[in-house]
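Engineer: Dumping the structure here so I can ask a few things about it.
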Amino acid sequence: MSVRRLRIRRRRGEKLAMVTAYDWSFARLIAQTDVDAILVGDSAAMVMHGFADTPSVPLDAMIYHVASVARGAPEKFIIADIPFGWAHRSRDSFMDAVMKLVSAGAHAIKVEGTGIQNESIALALDAGIPVMGHIGLTPQHVHRLGGHRVQGKSEGAIETLVHEAKQLEDIGCFGCVLECVIPAAAQAIQAALESMITIGIGAGSETDGQILVMHDLLGLNQEHQPRFVRRFGEIGQATTDAVSSYIDAVRDVSYPSPEETYAS
Ligand code: KIV
């Protein structure tokens, strides 16, 4: 997979399916699917480390997650989130972070929001690294946005989103995540763009593709989930059930059986 291949699939009108991953075991399982790209998202902060929000994940942890995923899914196109704050640092600090993520195995990076970070995006592009934008609900700015709120709810807000998407396309981003925007906003953005790939999460079905956080789609999260999440599996419950069965078997001495014991 490559940006070129993603573009070809988009031109053919084929929907793109992306998923997040953070570790080797799950990356290996995802590598056996036809997924179009893997995002090592900073959602790792919440689903892997138990933080309340995404800004809490340090760069070192992201590098570690990228390297683990790259070992598990060496054939897949891997996009790494730039963690909170790094796109606002000096050129050297930002590029140092980008290079570390790329050296760990990322083929592209994702930068949340527009503004000062556009200069950082241009720097990464100049270094030959594909960049994906991320607009709408940008979880790194959750405190400014006043919570995880649906975006693009007025004509003015839609205009702003279209403007941001066009900016990212003009800078040279190959794609952009549209998170939690109303379908009218996604449609307006889609209509305004020429070639930038749109990947939605809570943005309706008009975008070129979709992404879901792996823990959400597998049912690994037991907490409240937003409206857009569909659980395609119940691996969380399956895990609890399996471990409970193991505990019962240990306690009633049905495990290990003679077949599971080395002969003397
Ligand atoms: O961090 C993440 O997982 C993301 C996706 C939700 C798009 O940014």
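The values are calculated or read from the model by the stated rules, or taken from the named source; none is laboratory data. All of these numbers come straight from a predicted model, not from anything done at the bench. Note that we place each Cβ from the backbone using ideal geometry, even for glycine, and neighbour counts take in every protein chain shown. Just the protein is used for accessible areas: all its heavy atoms, side chains included, with ligands, DNA and RNA removed. Shrake-Rupley method; radii C 1.70, N 1.55, O 1.52, S 1.80 Å.
Engineer: If you scan the stretch 6-45, which residues turn out to be touching a residue at least 60 places away in the same chain (Cβ under 8 Å) and part of a helix (DSSP H, G or I)?
Structural biologist: Correct list: 6, 7, 10, 26, 30.
Engineer: If you check residue 3 against the conditions, is it under 21 Å from residue 177 (Cα atoms), within 16 Å of the ligand (Cβ to nearest atom) and crowded, with 16+ Cβ neighbours inside 10 Å? Steps first, answer last, please.
Structural biologist: Working: under 21 Å from residue 177 (Cα atoms): yes; within 16 Å of the ligand (Cβ to nearest atom): no; crowded, with 16+ Cβ neighbours inside 10 Å: yes.
In short, no.
Engineer: I'd like the residue in the stretch 158-191 that is surrounded by 15 or more Cβ atoms within 10 Å (Cβ to Cβ) and of a type in the set (Gly, Ala, Ser) and, out of all such residues, is nearest to the ligand (Cβ to nearest atom).
Structural biologist: 175
Engineer: Quick one: what pairs do we get from the stretch 71-93, first residue more than 16 Å from the ligand (Cβ to nearest atom), second among the charged types (D, E, K, R) and open to solvent by 10 Å² or more (accessible area, probe 1.4 Å), C-beta under 6 Å, 6+ apart or different chains?
Structural biologist: Between residues of the stretch 71-93 that are more than 16 Å from the ligand (Cβ to nearest atom) and residues that are among the charged types (D, E, K, R) and open to solvent by 10 Å² or more (accessible area, probe 1.4 Å), the close pairs are 72/28.
Engineer: Next question, about the same structure. If I ask for residues that are in a loop (DSSP other than H, G, I, E, B) and either out of contact with any Phe, Trp or Tyr (no Cβ under 9 Å at 6 or more places or on another chain) or more than 22 Å from residue 99 (Cβ to Cβ) (or both), which ones from the stretch 46-72 would you list?
Structural biologist: Within the stretch 46-72, the first condition is being in a loop (DSSP other than H, G, I, E, B), and the residues that meet it are 48-53, 57-58.
Within the stretch 46-72, 48, 49, 50, 51, 52, 53, 58 qualify.
Engineer: Only one of these conditions is not met by residue 168: (1) touching a Ser or Thr at 6+ places or on another chain (Cβ under 7 Å); (2) on the phi > 0 side of the Ramachandran plot. Which number is it?
Structural biologist: (2)
Engineer: Counting just the residues of the stretch 28-38 that are open to solvent by 10 Å² or more (accessible area, probe 1.4 Å) and within 16 Å of the ligand (Cβ to nearest atom), which one comes out farthest from residue 215 (Cα to Cα)? Reasoning before the result, please.
Structural biologist: Step one: of the stretch 28-38, the residues open to solvent by 10 Å² or more (accessible area, probe 1.4 Å) are 28-35.
Filter again for within 16 Å of the ligand (Cβ to nearest atom), leaving 30, 35.
On the way: 30: 13, 35: 16 Å.
Looking at residues that are open to solvent by 10 Å² or more (accessible area, probe 1.4 Å) and within 16 Å of the ligand (Cβ to nearest atom), I get 35.
Engineer: Could you figure out which of (1) more than 14 Å from the ligand (Cβ to nearest atom); (2) at pLDDT 95 or above isn't true of residue 52?
Structural biologist: Exception for residue 52: condition (2).
Engineer: Would you point out which residue out of 237, 225, 210 is of a type in the set (S, T, N, Q) and away from the ligand (no atom under 14 Å from the Cβ)? Full working, then the answer.
Structural biologist: On the way: 225 fails: away from the ligand (no atom under 14 Å from the Cβ); 210 fails: away from the ligand (no atom under 14 Å from the Cβ).
When all the criteria are applied, what remains is 237.
Engineer: Sticking with this structure for a sec: Are there any pairs with C-beta distances below 6 angstrom linking a residue in the stretch 130-153 that is on the phi > 0 side of the Ramachandran plot to a residue that is assigned to a loop (DSSP other than H, G, I, E, B), with the two at least 6 apart or on different chains, and if so which?
Structural biologist: Sorted first by the residue in the stretch 130-153, then by its partner, the pairs are 136/180; 152/182.
Engineer: Would you be able to say whether some residue in the stretch 75-83 is within 14 Å of the chain's Cα centre (by Cα), at pLDDT 95 or above and open to solvent by 50 Å² or more (accessible area, probe 1.4 Å)?
Structural biologist: The answer is no; no qualifying residue exists.
Engineer: Can you name the residue in the stretch 197-207 that is more than 10 Å from the ligand (Cβ to nearest atom) and in a strand (DSSP E or B) and is also nearest to the chain's Cα centre (by Cα) among such residues?
Structural biologist: So in the stretch 197-207, the residues more than 10 Å from the ligand (Cβ to nearest atom) come out as 197-198, 203-207.
After this cut, where a residue has to be in a strand (DSSP E or B) as well, the list is 197-198.
Values: 197: 15, 198: 13 Å.
It comes out as 198.
Engineer: Something else about it: Looking at the structure I just gave you, is residue 25 modelled with pLDDT of 95 or more and either exposed (fewer than 14 other Cβ atoms within 10 Å of the Cβ) or under 29 Å from residue 193 (Cβ atoms) (or both)? Please lay out each step first, then the result.
Structural biologist: Values: modelled with pLDDT of 95 or more: yes; either exposed (fewer than 14 other Cβ atoms within 10 Å of the Cβ) or under 29 Å from residue 193 (Cβ atoms) (or both): yes.
Yes; evaluated as a whole, the condition is true for this residue.
Engineer: Considering only the stretch 236-264, state which residues are more than 28 Å from residue 47 (Cβ to Cβ) and not in a loop (DSSP other than H, G, I, E, B).
Structural biologist: Taking the stretch 236-264 as the starting set, the residues that turn out to be more than 28 Å from residue 47 (Cβ to Cβ) are 248-264.
Those that are more than 28 Å from residue 47 (Cβ to Cβ) and not in a loop (DSSP other than H, G, I, E, B): 248, 249, 250, 251, 258, 259, 260.
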